[in-house]
Structure formats: C-alpha cells, structure tokens
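The structure under discussion appears below in the form of structure tokens.
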Amino acid sequence: MSCDSDPYIFTTDALPSDPRFLPPLANGILGWRVFNKIMHMGSIYNGEGGRCHRADIPCPLAVKMESEDAATHTYTLDTHIGIFTHTLSSGSATASQTLYSHRSCPNLMVMEVLLVRQGTSERPVTVNLVTSFTPQSLDIAFEERPDYKGGSHIQGKTSTAEIPGGSCPTVHLIWTVIPSTVALKPGQSQARWGFILVVANSLESAQSSYDDGLNLLASGNLRPSHENAWKELWLQSQVEATGSDSLCKALIGCIFYLLSAFPSIHDTSSSFGGVSPGGLSNGGYGQDYWGHVFWDQDIWMFPGIALFYPKLARAVLEYRVGTISGAKDNAQKQGYKGLKFPWESAVSGREVCPEDIYGQQEIHINGDVTLAFQHYLYLTEDLSMFSEGKGSEVIYGVADYWVSRVTWDPDEQKYHLLGVMPPDEYYSNVNNSVYTNAVAKLGLQFALELADLLQHPAPKEWQEVAKQFKIPFDQEFQYHPEFDGYSKGSPVKQADTVMLAYPLGLPMTPQVRKNDLEAYEPVTDPNGPAMTWGMFAIGWLELGEAERAQRLLEKCFKNIQGPFQVWSESSDGSGAVNFLTGMGGFLQAVLFGYTGFRVQKECLAFSPIIPDNITELCIRGMNYLGSQMDWLLRREEVCVILREREGLAGITRPYNLQVILKASGVKIPLTPGQPVTFPRGPGCVCKVETTSFCWPL
C-alpha cells in the first residue's frame, strides 16, 4: 500500500468547524455522533405518517475533556477497531478519552478515560469532564427509575405511534455515573476509568446488557471483545488500492461507515431496522431524511456489502420481509394488488414520506427491492431465504403489483406505466420512465424464475406483461430517453437512465451504452447527490475508457469532508450526512467497475480494468456461493486465490469453482490456497462458475 501512514487511522489536531462532520459511531442498533448530546436507536421512531422520524435519545456520554493546564489536542478515529480517541497532552500528564459503540454487545456504548503522568512532578493532576447531557428528549417523555447496580436509570415512551392505533416503543437507559473530574493523586503514575451506557427497548434487555457490560469491564474484556469483533469483520473484507492515497482512505472510510450501519454478523435477534441514508447517528426531525429507509439501502448500499457478507445482506432482505404487511396496505390504498413498498420506510412498512407525491409516484422502489433479492440469490443460492424466509412473498407480491399497475396500449401493443416519478426527481407524473419500466420487467422475469425454482404456479399475466413491457428507445439518436416525451438535453438530477446497463443488466450494444452516457453526463446536475458519478464511472469502465471514468469518480472526493472521511450528500457540504448512499455508489464503482464483476444467474463474470494512477487493487474476502476469494488486480495480470469454503444456510451441495478465460476458453480450476494468475490484456473477459452445478435454463 502506498499510504505513508496507516490509512485506517484518521487523525487531526482540530475538530471540523461543522459538528455534522464529527465521526459517527454505530453498531447497527445504536448510533451516535461523537460529543453530540443526542443519539438514536434502530427501529425507534416518533411521529405518525409523514411526521415519523428517528426519536432523539439523550446521550450520557456527551462529555468533553478539558485540562486545567495548557495542552495540545489530538483526535483520532481508528477504523481498524471502531474507536474514537481524544488525547490531551500537557507537561504534567496525557489524558486519553476513548469512545465506541460496542460491536458485539449492540445495546452497549462505552467511554474510557486514561490518565498517565508525565515528568517528575508529584502534584495532583486533574482533568475536567464537561457534559452537555440532560435526561430529556423532544420525542420521549423520560422518567427516573430506581438505580440498577449503581447505574442511573431512566425510562420513557415515544409520544406518537407511526400508525394510528399502533404502539409507542419504550426506551430504557442505564449508565454508570460520570463524575465532573478525574484526577491522579500525588505519586500516582496512571489511572483508568470505564463508563458504560445501555440503551434497550425493554427492562429485561437493558438490565441484561448492563450486566454484560459490568462483567466485561470487571474481567478486562470490554474493549478487547469490541476490538476482536471489528477485526473479525475486517478479516472478511478488504479493499485497498496502491498508487492513490486518497482512493485508499476513501475506500476504507466507505467500508467502515457502511459496516457500522449493520448489525453483528452473529446477531440472530432480527431487530435490525434497515439502513437510512445518514445512518443511525443521524435522522432526527427534519434532518437527514428523518432516518427513513429508501431505495438507497437496496440499490446503493446493499451490493458492496453483499459481495463480502451474505449474512448482513440477508438482514437487509429480512427487514423488507418484516414490512410486507405495510407494503400490502400501501398497494391497497393506491387501488392495486400485491405489495407496494414505501418510498420512505420506518418500522411498519407503511408510507412515511412527508410529501405524498413521492410515495404515490416513485414506484421504482418495488423493483429496487426485488433486485436486491435477486442479487442475493445469484451470489449465494440460498433458497431458504425465499421459502422459510418468506422472500418469495416479496417477489410474488411485487409481481402482482406490476400486473395490476400497468396499462395496455393497443396502438403500441405494449404495457405502460403511467403517472410515475423516475429516480430523477426533477420530473413527476411522467409516463414510461425507462428505469422504472426496466426494473419492473426485471422483477417480473425474476418472479417467473423463482416460481420455477420453487415449483410455484406462476400466473400467466406475469409472463405476458414481462414480454410486452415498453422500454422507451429513440431509434433516431440510438439512446434511451428517460421517459416518454423527454427532450434530449434537458437537465437531470442524478443517475437514472445510465443505470439500465448496470445494475439492471438491460442488454444493449456498446454504442447505445456510450450514447446514453454521452446524452446524460453533460446535463446531470453537478450539485446532485454523491452516488451519481459512480454509475457514470462504471459505464465508461465497461467501455474500456478508464481515464474518463476516473475523472468522473474523482468528483466524489468533493463530497468527502475531512478529517474523518464523513460524506455529505452534496459537494458543497449540504444535504444528508453521513451520506452512506454516496459511499455505496463510490464503492460499487471500484468493486463492480474496476473489476467488472457482474453477478449473473449462472456465473460471476468479470472484466478488469484499472486507471493509470492505480498500480494494484486488492480485494480480499469476496464471497461467492459460500466460497471466499481474494483478488489482486495489477496492470498486466489478475491473481485469484480461493481462500476457503463456508457453510451458508440454504446451500446443500458443495461447489467446485473454476475460472474460464473467455477469449481462449481455457478452464482453470480453483483449489483452496493455490493462486491462479492470468494476463489482464485488452478485452480480458472471464467468469467464475461451478463445475458441478449450473442454474436451470
């Protein structure tokens, strides 16, 4: 790696002037931005319908250290282990305050303070712990409860349920009291203090988690157990680039923050509440999309995570399964059959978008959800997700929605989708959004495929509508107009039509792919959301134009706010933070752009290409059909190592993987631990497939 210092450690001597860019600490259940007096818990929302938002929870760890002596400050986020440290250094002592959301105990957050004497002075050394915490919330009416094992305890309920007649969730906080000062006594060389905070939605869970925290603290395993959980995660995924320090750090930051939004890989509680654009640390009333879950989770964040962590990918699908009832209600309210997933989702699956037009018209969300299920099945062949896991209900329900939502046009002899909003939200009430129609057609085709696999009788309408779905195409200019009546050259907000080839996989010639890119690139809003340019970069990489792709991808760096690699939605720092959607798009540009990975029904195809400023790209722990592979892409060659095979629920037969070089037809078996190297010349198109099993055609 070319980075002179450890690229996993982000260090500064001054905090960002905008507190929104302080680093988030999250573990999939709890999320908090350091020093902030407010935190959030997954699935805890307040407000009905369009006023639903992540409930603000007061954070007792909102504490800053201050020294009585003149001191220098250092702030460090170590992404190796998910720990933020504030260090005060003076002539008399060094004080270190560490903060973390515990990775293996998801209801637990921790603050530790270490004081170490410097020099020969024997006088007392005092550090002030200044708190901004108050046990109050605009969303939850807290009341004091009896202390629990020396810990303060408050309990409350949110004031308003998400749906009329629904229950308001309860929140318990138990925490060890934090003094206003800590001190070294005369002659004492060092001292350490540990403080724990538990947030849970039941008294039993709160007390149990607090007991766990006390036991870990007493045994000295509080921090080691957290660090080991992060180390286990990093062992399963590593994406590092040699040649560009900025790319190197950006990739690490993206993976770290995305992983922080997901639960433990060992979590079986099914309490995961999905991933919102700003993560768990953000999303209060009127902020960061109110903490809702959008297509951002399924289209932008999911693919990069699924490539390494099938269990975390499954958690995303299980979140959608858990909202089936709400999706059915949404469809019925629109007058249609099947399932209509909400444009903005919280816990119930009912629409919680503050503005009706998005919930009514941005129906491509249905296809985005099913695309994630399809991607998962092709990566894992885990059919249990679709049988016992009820994933088939999602796929079939969405197919029924499309069939009831389309309109037959007798003149064109095609099915149309009328009155929709495309991903490009500059337009509404348009007909035949090309992205929406394409993702709907894809969903119907996948429903037919899944029905065949599960021997489920498929309605004939699924096949009929899929076959006759209109996909707008301009014969004169040989490109895809964004919707019926789109005027070529009109401004667009974000990646939309350019997503037809990837991630949708709509077949088209290289010339049409190029025409689409050239039509939309110059008219895409330069201040649009951060994920857009990753999709353009993937398109140019498909066409072999690595340097052009790189120039577009570099636009994303303007959305990275230093010093902690926090992303803003827009390049001027405005919009949602920490914008996980943008990180997901950026990560896909590397994982699916530079490598050319395409997860297909019968194989994993790849066609690697890297720009001149990258000499080596290392991708470690990619998971395909229960096997882990490490990839090393260099200028002239590709090396792949089959690391190990893992058992995955639903997979009942072993796979023997082989690399097939398409140009020559050479087949190279992958044997665990034995590297396979082959040239990466122009037009290198290859695939990994099984020797013992292929999908039924």
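The values are calculated or read from the model by the stated rules, or taken from the named source; none is laboratory data. Nothing here was measured: the structure is a model prediction, and the numbers come from that model. Cβ placement follows ideal geometry from the backbone for every residue including glycine, while neighbour counts extend to all protein chains displayed. The protein model used for the area step is the full one, side chains on, heavy atoms only, and it has no ligands, DNA or RNA in it. Shrake-Rupley method; radii C 1.70, N 1.55, O 1.52, S 1.80 Å.
If you go through segment 532-571 one residue at a time, how many are in a loop (DSSP other than H, G, I, E, B) and open to solvent by 10 Å² or more (accessible area, probe 1.4 Å)? Give the derivation first.
If we filter segment 532-571 for residues that are in a loop (DSSP other than H, G, I, E, B), which is where we start, we get 543-545, 562-565, 569-571.
Among the residues that remain, those that are also open to solvent by 10 Å² or more (accessible area, probe 1.4 Å) are: 543-545, 562-563, 565, 569-571.
Count: 9.
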Whichever residue in segment 518-531 is free of Cβ contacts under 8 Å to residues at least 60 places away in the same chain and buried (at least 24 other Cβ atoms within 10 Å of the Cβ) and, among such residues, is nearest to the chain's Cα centre (by Cα)
A530
Those residues of segment 481-496 which are open to solvent by less than 10 Å² (accessible area, probe 1.4 Å) and under 20 Å from W402 (Cβ atoms), in sequence order
E482, D496
Positions within segment 36-73 being closer than 30 Å to Q118 by Cβ, crowded, with 18+ Cβ neighbours inside 10 Å and modelled with pLDDT of 95 or more, in sequence order
P60, L61, A62, V63, M65
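This table checks each residue for (1) within 16 Å of M109 (Cα to Cα); (2) part of a helix (DSSP H, G or I); (3) over 26 Å from the mean Cα position of the chain (by Cα).
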residue: P164; (1), (2), (3): no, no, yes
residue: H172; (1), (2), (3): yes, no, yes
residue: N215; (1), (2), (3): yes, yes, yes
residue: W234; (1), (2), (3): no, yes, no
residue: E240; (1), (2), (3): no, no, no
residue: A250; (1), (2), (3): no, yes, no
When you look at P224, is it open to solvent by 40 Å² or more (accessible area, probe 1.4 Å) and within 29 Å of the chain's Cα centre (by Cα), yes or no?
yes
For segment 457-502, which residues satisfy the criterion of being within 32 Å of the chain's Cα centre (by Cα) and under 22 Å from Y396 (Cβ atoms)?
W462, A466, F469
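Could you check how many residues of segment 572-594 are open to solvent by 10 Å² or more (accessible area, probe 1.4 Å) and either without any contact (Cβ under 8 Å) to a residue 12 or more places away in the chain or within 18 Å of the chain's Cα centre (by Cα) (or both)?
Adding up the residues that qualify gives 2.
Which of the following residues is in contact with an Asp or Glu (Cβ under 7 Å, 6 or more places away or on another chain) and on the phi < 0 side of the Ramachandran plot: S152, S137?
Numbers: S152 fails: in contact with an Asp or Glu (Cβ under 7 Å, 6 or more places away or on another chain).
One residue alone meets the criteria, S137.
With the structure loaded, tell me whether S180 is in contact (Cβ under 8 Å) with a residue 40 or more places away in the chain, out of contact with any helix residue (DSSP H, G or I) (no Cβ under 7 Å at 6 or more places or on another chain), open to solvent by 10 Å² or more (accessible area, probe 1.4 Å) and over 21 Å from G273 (Cα atoms) or whether it fails that test. Step through it out loud before you land on a result.
Details: in contact (Cβ under 8 Å) with a residue 40 or more places away in the chain: yes; out of contact with any helix residue (DSSP H, G or I) (no Cβ under 7 Å at 6 or more places or on another chain): yes; open to solvent by 10 Å² or more (accessible area, probe 1.4 Å): yes; over 21 Å from G273 (Cα atoms): yes.
When the stated conditions are applied, S180 passes them.
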Note on C684: of the conditions (1) modelled with pLDDT under 80; (2) over 26 Å from F536 (Cα atoms), unmet is (2)
Under the condition of being open to solvent by 40 Å² or more (accessible area, probe 1.4 Å) and part of a loop (DSSP other than H, G, I, E, B), which residue from segment 137-162 is nearest to V352 (Cα to Cα)?
T160
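What do you reckon, is I174 in contact with a Gly (Cβ under 6 Å, 6 or more places away or on another chain), at pLDDT 95 or above and open to solvent by less than 40 Å² (accessible area, probe 1.4 Å)? Break it down into steps so the answer makes sense when it comes.
Numbers: in contact with a Gly (Cβ under 6 Å, 6 or more places away or on another chain): yes; at pLDDT 95 or above: yes; open to solvent by less than 40 Å² (accessible area, probe 1.4 Å): yes.
Spelling it out, I174 is indeed in contact with a Gly (Cβ under 6 Å, 6 or more places away or on another chain), at pLDDT 95 or above and open to solvent by less than 40 Å² (accessible area, probe 1.4 Å).
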Suppose we keep only residues that are more than 25 Å from L383 (Cα to Cα) and of a type in the set (G, A, S) within segment 635-679. Which one would you say is modelled with the lowest pLDDT?
A663
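Of all the strands (runs of 3 or more DSSP E) wholly in segment 595-643, which have at least 2 residues that are open to solvent by 10 Å² or more (accessible area, probe 1.4 Å) and at negative phi?
Working: elements: 604-606, 616-624, 627-634.
Where strands (runs of 3 or more DSSP E) fall fully within segment 595-643 and carry at least 2 residues being open to solvent by 10 Å² or more (accessible area, probe 1.4 Å) and at negative phi, they are 616-624, 627-634.
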Consider only pairs whose beta carbons are under 9 Å apart and that are at least six residues apart or on different chains; among these, list those whose first residue lies in segment 407-419 and is more than 11 Å from Q468 (Cα to Cα) and whose second residue is open to solvent by 90 Å² or more (accessible area, probe 1.4 Å).
L418/N429; G419/Q360; G419/N429
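If you go through segment 402-412 one residue at a time, do you hit one that is modelled with pLDDT under 95, among the acidic types (D, E) and open to solvent by 10 Å² or more (accessible area, probe 1.4 Å)?
no
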Taking the condition of being within 16 Å of A313 (Cβ to Cβ) and assigned to a loop (DSSP other than H, G, I, E, B), how many residues in segment 252-272 meet it?
10
Subset of segment 283-338 [without any contact (Cβ under 8 Å) to a residue 60 or more places away in the chain and among the hydroxyl-bearing types (S, T, Y)]:
Y319, T323, S325
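Can you name every residue in segment 563-615 that is among the aromatic types (F, W, Y) and in contact with a Leu (Cβ under 8 Å, 6 or more places away or on another chain)? Show your work before the answer.
Residues of segment 563-615 that are among the aromatic types (F, W, Y), as a first pass: 564, 567, 579, 586, 592, 594, 597, 606.
Of everything in segment 563-615, those that are among the aromatic types (F, W, Y) and in contact with a Leu (Cβ under 8 Å, 6 or more places away or on another chain) turn out to be F564, W567, F586, Y594, F597.
Check whether at least one residue in segment 467-475 is at pLDDT 95 or above, part of a helix (DSSP H, G or I) and either of a type in the set (A, V, I, L, M, F, W, C) or open to solvent by 70 Å² or more (accessible area, probe 1.4 Å) (or both), and report yes or no. Spell out how you get there, then give the answer.
In the first step, residues of segment 467-475 are kept if they are at pLDDT 95 or above; the result is 467-475.
Filter once more, so that each one left must be part of a helix (DSSP H, G or I): 467.
Still in the running and either of a type in the set (A, V, I, L, M, F, W, C) or open to solvent by 70 Å² or more (accessible area, probe 1.4 Å) (or both): 467.
Taking every residue of segment 467-475 in turn, at least one turns out to be at pLDDT 95 or above, part of a helix (DSSP H, G or I) and either of a type in the set (A, V, I, L, M, F, W, C) or open to solvent by 70 Å² or more (accessible area, probe 1.4 Å) (or both).
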Which condition from (1) within 24 Å of E542 (Cα to Cα); (2) modelled with pLDDT of 90 or more; (3) among the hydrophobic types (A, V, I, L, M, F, W, C) is the one that F579 breaks?
(1)
Restricting attention to segment 9-24, does a residue exist that is more than 22 Å from V198 (Cβ to Cβ), hydroxyl-bearing (S, T, Y) and open to solvent by less than 10 Å² (accessible area, probe 1.4 Å)?
no
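If I ask for residues that are touching an Asp or Glu at 6+ places or on another chain (Cβ under 9 Å) and either farther than 18 Å from D474 by Cβ or aliphatic (A, V, I, L, M) (or both), which ones from segment 492-505 would you list? Break it down stepwise before answering.
The initial filter retains those residues of segment 492-505 that are touching an Asp or Glu at 6+ places or on another chain (Cβ under 9 Å), namely 492-498, 500-502.
Answer for segment 492-505, where residues must be touching an Asp or Glu at 6+ places or on another chain (Cβ under 9 Å) and either farther than 18 Å from D474 by Cβ or aliphatic (A, V, I, L, M) (or both): V492, K493, Q494, A495, V498, L500, A501, Y502.
For the structure I just gave you, tell me whether S104 is hydroxyl-bearing (S, T, Y), in contact with a His (Cβ under 7 Å, 6 or more places away or on another chain), over 24 Å from K37 (Cβ atoms) and surrounded by fewer than 22 Cβ atoms within 10 Å (Cβ to Cβ). First the steps, then the outcome.
Working: hydroxyl-bearing (S, T, Y): yes; in contact with a His (Cβ under 7 Å, 6 or more places away or on another chain): yes; over 24 Å from K37 (Cβ atoms): yes; surrounded by fewer than 22 Cβ atoms within 10 Å (Cβ to Cβ): yes.
Taking the combined requirement at face value, the residue satisfies it.
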Pull up segment 428-455, narrow it to residues that are open to solvent by 10 Å² or more (accessible area, probe 1.4 Å) and over 14 Å from H364 (Cα atoms), then point me to the one that is farthest from the chain's Cα centre (by Cα).
Q455
What number of residues in segment 199-220 are open to solvent by 60 Å² or more (accessible area, probe 1.4 Å) and either touching a strand residue (DSSP E or B) at 6+ places or on another chain (Cβ under 8 Å) or polar (S, T, N, Q) (or both)?
6
